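S.K.: Right, I'll just put the structure down here and ask away after.
FYI, it's all coordinate maths here, none of it is from the lab. From a predicted model like this one, the values you see are computed outputs, not experimental measurements.
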Amino acid sequence: MADEVKETISNFNLKDGLSIDEAKVSALILCLVICFIFVLVKYQVDGDISDNIVLVFQTLVAAVAGVNIANKVTTVFKGSNK
């Protein structure tokens, strides 16, 4: 049992948790993570999040979702051209 856990931990890859191609848009993912941490800290310290940072966070989430959708559509078109 302990060997299975060690094998699972050794096979962990950060890219597996991301649904977006990390090599292409790593700056977008990095900005999203930084913004998410900032939102959590801001909420913990002040008990409120300003509207501006909420707008930035929503824009980053929409950008990541848009890239994911674009990748899926591209895959569909590339698959039908073969």
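S.K.: Using θ = phi - 60° and the Karplus form 6.51 cos²θ - 1.76 cosθ + 1.60, what ³J(HN,Hα) does each residue of the stretch 26-42 get, whole Hz, x for Gly and Pro?
M.R.: 5, 5, 5, 5, 4, 4, 5, 5, 4, 5, 5, 5, 4, 4, 5, 5, 4
S.K.: Residue by residue through the stretch 72-79, which ³J(HN,Hα) values in whole Hz follow from phi under the Karplus form 6.51 cos²θ - 1.76 cosθ + 1.60 (θ = phi - 60°), with glycine and proline marked x?
M.R.: 5, 5, 4, 5, 5, 5, 5, x
S.K.: What list of ³J(HN,Hα) couplings, whole Hz, do you get for the stretch 45-54 from phi and the Karplus terms 6.51, -1.76, 1.60, once you set θ to phi - 60° and write x for glycine and proline?
M.R.: After applying 6.51 cos²θ - 1.76 cosθ + 1.60, I find 6, 9, x, 8, 10, 5, 5, 5, 6, 5 Hz.
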